[in-house]
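*Asks:* Just dropping this structure here.
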Amino acid sequence: MKTTRYGSKKNKRLRISVFVLLAGATIISTMTSMGPDSLKSSAQRSQSGPARQRAREAGVAVGVLPPGQLNAITDVAGVSVGHVTIIRGDNVRTGVTAILPHGGNLFREKVPGAVFIGNAFGKLAGSTQVNELGEIETPVTLTSTLNVPRVADAVIDYMLALPGNEDVQSINPLVGETNDGYLNDIRGRHAGREEVFLAIRNARGGAVEEGCVGAGTGTIAFGFKGGIGTSSRKLPPSLGGYTVGVLVQTNFGGILTINGAPVGRELGRYYLKEELETKSSTNPGLANNPDGSIIIVIATDAPIDHRNLQRLAARSMMGLARTGAAGSNGSGDYAIAFSTANDLRIRSAANSRNQKPAAALLSNDTMSPLFLAVIEATEEAIYNSLFRATTMTGRGHTIEALPINQTLEILRKHGALGH
């Protein structure tokens with residue numbers, strides 16, 4: 001445990017207790033005038049009970065393609081993930097998640113990238129340059145809506161300070177967001193430079209923490225507690241052996257459907273329920289609100305350029321639709337995709353912009369298995385965000401976690417468990 005001072009004497013010398021968890025996950029819990037033991041117990045309590053199973057562990061097998069070894073975005077070699085979870089007092093439930101395509105200097109070794117917009121009601125920063133140049137040059141960071149400028153500013157600071165970037169005068173931070181204002185004091189904009197630096201520097205490969213962590217700390221999906229989820233698919237050698245990994249930040253609504261089973265309807269929590277039952281839309285409940293947003297981050301080691309990365313990102317919306325998303329006016333739905341293929345990196349050296357990629361790009365005809373892979377991985381990542389999330393209270397509101405036992409009973413009744 002690392003404990004450092006935060007703030008000044010005027011705010012009673014708030015302290016930060018930092019715990020490094022799976023794949024660079026960090027919890028920050030601040031309290032006043034209390035020792036390390038109290039800080040530790042507070043951070044542990046913020047996890048809201050024992051760890052819950054992932055969807056596949058509970059018997060929910062999605063699709064026909066096999067997952068990677070970890071069933072996570074980090075199955076794509078070189079990709080790392082870092083979370084900083086900020087839980088303070090009764091009202092702060094937010095955080096930052098960073099996804100790094102590789103461990104080097106991303107400005108000097110950019111990766112091919114693309115952004116696909118399902119619905120542009122959002123504040124995604126940096127997308128226009130990514131789609132114009134087909135390159136990603138910073139870690140992909142996720143946070144809360146009003147934190148986007150602060151996180152972008154911190155990413156710029158981080159990149160400018162890297163060795164080799166002393167002469168850099170332009171940085172394009174890529175920052176996604178969803179609105180966690182129901183559980184979180186969103187106007188406080190609690191994620192800044194320190195939290196962003198922690199998320200990036202603590203990013204790791206390996207298993208990825210899911211649920212109420214990082215940018216998913218205060219999010220809600222289908223009226224239940226949402227959060228961070230991840231999944232992957234591995235193509236067989238006959239199809240190239242490529243891996244597709246997905247990480248999602250879920251904060252949207254609709255009619256929850258799992259492996260085709262009407263889970264939301266049978267749990268009695270779904271979009272338009274009140275209107276359909278009472279013929280009135282007066283004071284609809286939270287489960288009746290389809291707004292929010294989702295950010296889908298897609299990594300692959302397949303050698304594909306911006307154009308086919310954008311096509312890949314577009315297919316993730318089909319995975320989103322499979323879960324019962326309503327695609328509402330107020331839901332910002334974005335997909336960010338990149339390739340880690342080493343020979344496709346855009347290296348910032350003299351005359352390097354005139355060099356042709358060393359790798360042969362995949363043809364359009366070979367993309368279809370990758371399209372299926374991203375559909376399945378997106379669907380399962382969303383389920384994992386729900387299965388792993390725990391009940392959360394913030395700003396006087398409590399959002400319950402998806403009831404796993406009831407959900408499994410519904411899936412069993414509809415023959416939706418297992419292959």
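*Asks:* For the range 191-226, which GluC sites (Glu not before Pro) are in a loop by DSSP, counting at most 10 other Cβ atoms within 10 Å? Intermediate results must be reported in sequence, preceding the final value.
*Replies:* Numbers: sites: GLU194, GLU195, GLU209, GLU210; in loops: GLU209, GLU210.
Taking the range 191-226 and a limit of 10 other Cβ atoms within 10 Å, no loop GluC sites (Glu not before Pro) are found.
*Asks:* What is the distance, in nm, between label points placed 7 Å from the Cα along the Cα-to-Cβ direction at HIS397 and at ASN342?
*Replies:* Once both label points are built, they end up 4.7 nm from each other.
*Asks:* Where does each of 157-167, 307-317 land if you order them by average Cβ count within 10 Å, highest first?
*Replies:* Values: 157-167: 12.8, 307-317: 22.3.
Those peptides, ordered most packed to least, come out 307-317, 157-167.
*Asks:* If you place +1 on the Cβ of every Lys and Arg, -1 on the Cβ of every Asp and Glu, and leave all else neutral, what size is the dipole of the range 290-419 about its Cα centre, to the nearest 20 Debye?
*Replies:* 320
*Asks:* At 0.36 nm per residue, minus the direct Cα-Cα distance, what do ALA77 and ASP365 gain on full extension? Give it in nm, one decimal, please. Walk me through the intermediate numbers first.
*Replies:* Values: separation 288, 0.36 × 288 = 103.68 nm, distance 2.44 nm.
Answer, rounded to one decimal: 101.2 nm.
*Asks:* Based on Cβ point charges of +1 for Lys and Arg and -1 for Asp and Glu, what charge dipole magnitude is obtained for the range 55-413 about its Cα centre, in debye rounded to the nearest 20? Let's see the in-between values first.
*Replies:* Details: 31 positive and 33 negative charges, 40 e Å.
Roughly 200 debye for the range 55-413.
*Asks:* Still on this structure, please answer the following. If you place +1 on the Cβ of every Lys and Arg, -1 on the Cβ of every Asp and Glu, and leave all else neutral, what size is the dipole of the range 69-161 about its Cα centre, to the nearest 20 Debye? Spell out each step's value before the answer.
*Replies:* On the way: 6 positive and 8 negative charges, 51 e Å.
About 240 debye.
*Asks:* Oh, and also: Let a ≥ b ≥ c be the square roots of the eigenvalues of the Cα gyration tensor of the range 55-413; is it rounded (a/c under 1.5), or, if not, prolate (a/b larger than b/c) or oblate?
*Replies:* Oblate shape, in that a/c is at least 1.5 and b/c is the bigger or equal ratio.
Bear in mind these aren't lab numbers, they're just calculated from the coordinates by the rules spelled out. From a predicted model like this one, the values you see are computed outputs, not experimental measurements. Positions of Cβ are backbone-derived with ideal geometry, glycine not excepted, and every protein chain shown enters the neighbour counts.
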